[in-house]
Each structure stands twice: as C-alpha cells, then as structure tokens.
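S.K.: My structure is below; once you've seen it, I'll send some questions.
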Amino acid sequence: MGSESRVRVLKRSAEKNCYFLTQEGCHLPFARRPLICRLYPYTYTSNGILGIDRSCPISREQEWQSILDHLDMPADRALEWLTLLYDEVAQH
Ligand code: SF4
C-alpha cells in the first residue's frame, strides 16, 4: 500500500478514545484542535454550513446560534475553518 493511500487519524487511547480527551473534556486549546473538531457541532458540505448536528444537546435550544456565538464559534468563523479544511483536503 503506497503512502498516498494512508488515512490520518488522531491517536487513540487504549480505550479507543481520542488521545486528547480527558475527564474535563478536550485537552487541546481550541486554536490547536483539528479543524474537524473546531467545526463540531456544525454540519456542512464543501459548499458551506448546513446547520447543527441534532445529536448535540444545544441543538434543542432555540438560541443555539447565540450559544455558539457566545462560545466564540460563530458561523462566519466556522466558514473560515471549513474553507481551511477543504483546502487541506484538496492538498492531500
Ligand atoms: S475535540 Fe478533537 S482533539 Fe479534542 S478530544 Fe475531541 S476528538 Fe480529540
């Protein structure tokens, strides 16, 4: 199998959890998290943001967008991360 067919994944613990997941949540500072992690709970395609993952508890709140804004995860920032993500995908 050539190197071009390798799949990159985050390192996992013996329990198969993400290596960076702790009892208190993600161990990585937000700005250091993989783009795909920063984008959650937004749902998206390469064309843009679609909405929010219905399995995320804040999706049950009518003001979910305000909550994400308050968490410094507004849709316009998510769109920037989305662009970076698909740029990275296109390069590999
Ligand atoms: S946000 Fe990403 S890096 Fe952090 S614990 Fe979850 S899967 Fe791992």
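S.K.: Of all residues in region 10-50, which are charged (D, E, K, R), open to solvent by 100 Å² or more (accessible area, probe 1.4 Å) and modelled with pLDDT of 90 or more?
M.R.: 24, 32
S.K.: Can you confirm whether residue 86 is surrounded by 12 or more Cβ atoms within 10 Å (Cβ to Cβ), in contact (Cβ under 8 Å) with a residue 12 or more places away in the chain and within 12 Å of the ligand (Cβ to nearest atom)?
M.R.: no
S.K.: Looking at region 24-33, is at least one residue in a strand (DSSP E or B), more than 26 Å from residue 69 (Cβ to Cβ) and within 11 Å of the ligand (Cβ to nearest atom)?
M.R.: No, that holds for no residue.
S.K.: If I go through region 58-74 residue by residue, how many of them are open to solvent by less than 80 Å² (accessible area, probe 1.4 Å), more than 15 Å from the chain's Cα centre (by Cα) and not hydrophobic (A, V, I, L, M, F, W, C)?
M.R.: Residues in region 58-74 being open to solvent by less than 80 Å² (accessible area, probe 1.4 Å), more than 15 Å from the chain's Cα centre (by Cα) and not hydrophobic (A, V, I, L, M, F, W, C): 4 in total.
S.K.: Please determine whether any residue of region 19-27 is without any contact (Cβ under 8 Å) to a residue 40 or more places away in the chain, of a type in the set (Phe, Trp, Tyr) and more than 27 Å from residue 88 (Cα to Cα).
M.R.: No - not one qualifying residue is present in region 19-27.
S.K.: Do the conditions hold for residue 58, that is, is it away from the ligand (no atom under 11 Å from the Cβ) and not in a strand (DSSP E or B)?
M.R.: Yes.
The values are calculated or read from the model by the stated rules, or taken from the named source; none is laboratory data. Quantities reported herein were computed from a predicted structural model and do not represent experimental measurements. Here the Cβ is made from the backbone with ideal geometry for all residues, glycine too, and neighbour counts use every protein chain on show. Accessible surface areas use protein heavy atoms only, side chains included; no ligands, DNA or RNA. Shrake-Rupley method; radii C 1.70, N 1.55, O 1.52, S 1.80 Å.
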